[in-house]
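Participant: The structure that follows is given in the form of structure tokens.
The values are calculated or read from the model by the stated rules, or taken from the named source; none is laboratory data. Worth saying up front: this structure is predicted, and the values here are computed from it rather than measured. Cβ placement follows ideal geometry from the backbone for every residue including glycine, while neighbour counts extend to all protein chains displayed.
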């Protein structure tokens, strides 16, 4: 899709969760994928962070993924520490 005013090309952005240690992407509860194409795409960064808090996931980061990898943005996810936190588990 081409922008009419500035001649820029719009890229679709996906919002993903990724394990910091393994690089795996969140696919489903207790399911992680090697590739970003298999990963769950969250509607917003807030929804992804809320999901981490609700499911007590730690050790993950937020990835704003674009078609061209050079534009990807990786942000830390800091969640409150609860008793019984479960680290994100690789499957």
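Participant: Looking at 5, 41, can you tell me which residue is at pLDDT below 95 and either in a loop (DSSP other than H, G, I, E, B) or under 19 Å from residue 72 (Cα atoms) (or both)?
Facilitator: None of the others qualify; the one that does is 5.
Participant: In the stretch 27-84, what residues are surrounded by 11 or more Cβ atoms within 10 Å (Cβ to Cβ), over 12 Å from residue 13 (Cα atoms) and touching a helix residue (DSSP H, G or I) at 6+ places or on another chain (Cβ under 8 Å)?
Facilitator: 27, 57, 58, 60, 62, 75, 77, 79
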